[in-house]
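As structure tokens, the structure follows; a few thoughts come after it.
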Amino acid sequence: MQPLRWIKWGLVATGLIVGIIALLFQLRPSAAQWPHFPAPTTSGDARLSVSWLGTSTLLISDGNTHLLTDGYFSRVSKTALLGNLSPNPTRINDALTLARVETLDAVLVVHSHFDHALDAPWVALKTNADLVGSESTANVGRGAGMPEEKLIVADTGKPIQYGDFKVTFLHSAHVPQSPAIDALTGMGETIDAPLTPPAPVQEWKEGESYALLLEHPQGDILIQGSAGFVEGQLDGYQADIAFVSSVGLSRQPASYTDDYARNTFAATGAQIVIPIHWDDFFTPLEPGAIKPLPRLMEDLNTSFSQLDAAAKKYGARMYRLEPTQTLHFSRNTLPKVTPKNALRSTRTP
Ligand SMILES: [Zn+2]
């Protein structure tokens, strides 16, 4: 009788622990208190559009040239991470239909973790786009059977021209993570051979992490796909609007976000700051249904508060954009915060 009783209590205890963890994953912060980007969502005089499609996936267009960062649409579940990962063709097709994407000039990959690079070559193949990123990303493309002439390994600091967009990959860094997550995601490691799914999550190693600068006659855009930085990475560059990853900021020391801001949007003088990569990317990309990451994984309000304070300090404003929403703007239609010179003079030397 005694062993049976222990087994019974063991099962009850395990059930309780699993239940509590499941419950904790349901607790989510709300992004609703943060001000929404005030610009009209119809084009008008604005010549550029940026749609945020979750994670660090942004569709950028001037009507003639269409660029996509990452293109992560499979949004695998948390439990799927325990097995082998594969791109989900249905979700990729649905997302491209939702965003009205037929052809793309390039898919620009900010680093090679699964939530950035898993789908990128499949999206590139479907849209006849170049796949641009690190050598690790090129190996993800090779594993998907992409032709060599469509694989562009970024030369950091050297612009690539797509239509009127000048695209520059700049050497940057990933947001610091715990040693356990580092080990699971191959931080600081590269993908050295063609990677063909299905494969376990740890095969999508970081590769190189980049800041992206998209310069256009109608406005310059900075994209920081992971909340890391290299000191001085953007010195000498300018941007009008910055899309910056916020996930993980809440787990860094308080001074980190200020350093991050100083080396990203503040360095470029961008006055409009829009956080990205805060959505729960383990759920499908459904308009209106996407929530912030569970509180257990990310403290959105701390990350946003720090980013908002840093934006104000450097003469910029932080605005919220919801996943699947589109901004239409030109340099001249963006909300004005302070004169550019005043902003520059507030920078910490
Ligand atoms: Zn990553």
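A few remarks follow.
- Over the chain: helical MRE at 222 nm, DSSP H runs n ≥ 4 each giving -39500 (n - 2.57), nearest 500: -7500 deg cm²/dmol
- Charges were assigned to the Cβ only: +1 to each Lys and Arg, -1 to each Asp and Glu. The resulting dipole of the chain about its Cα centre is roughly 1160 debye.
- Positive-pole candidate from I152, G186, L300, dipole of region 31-345, charges at beta carbon: L300
- Count of Lys pairs (Cα-Cα under 17 Å; at least 8 positions apart or interchain) in the chain: 7
- Rounded if a/c under 1.5, otherwise prolate or oblate - region 127-210, Cα gyration tensor axes: oblate
- Per-residue 3J(HN,Hα) values for region 108-114, derived from phi via the Karplus relation 6.51 cos²θ - 1.76 cosθ + 1.60 with θ = phi - 60°, read 9, 9, 6, 6, 9, 4, 4 Hz in sequence order (x marks Gly and Pro).
- Net charge of Cβ neighbours under 13 Å - reference E203; Lys, Arg +1; Asp, Glu -1: -2
- If you take all other residues with their beta carbon under 9 Å from the beta carbon of Y72, and give Lys and Arg +1 and Asp and Glu -1, the sum is -2.
- Put in order of Cβ neighbour count within 10 Å, fewest first, the listed residues F281, F265, F37 become F37, F281, F265.
- Under 14 Å, Cβ to Cβ, from A193 - net charge with Lys/Arg +1 and Asp/Glu -1: -2
- Exposed GluC sites (Glu not before Pro) absent: longest stretch of the chain, with sites in DSSP loops and at most 16 other Cβ within 10 Å deemed exposed: 232-349
- Global form of region 16-103, assessed from the alpha-carbon gyration tensor, a/c cut-off 1.5: oblate
- Efficiency of FRET between A199 and T90 - r from beta-carbon atoms, R0 22 angstrom, step 0.05: 0.65
- Look at the dipole of the chain built from charges on Cβ: of A95, F329, L249, the Cα furthest out on the positive end belongs to L249.
- DSSP H segments from the chain that extend 18 Å or more along their own axis, Cα-based, with Kyte-Doolittle mean of 1.0 or above: 2-24
- Ignoring the sites themselves, the chain has its longest run without trypsin sites (Lys or Arg not before Pro) in a DSSP loop having at most 13 other Cβ atoms within 10 Å at 101-335.
- Share antiparallel - DSSP beta bridges, the chain, percent rounded to 5: 55 percent
- Gyration tensor (alpha-carbon) shape descriptor, region 31-345, a/c threshold 1.5: rounded
Any read-out appearing in this document is the output of simple, stated calculations on the displayed coordinates, not a laboratory observation. None of these values were measured; they are calculated from a predicted model. We place every Cβ from the backbone using ideal geometry, glycine too, and count neighbours over all the protein chains shown.
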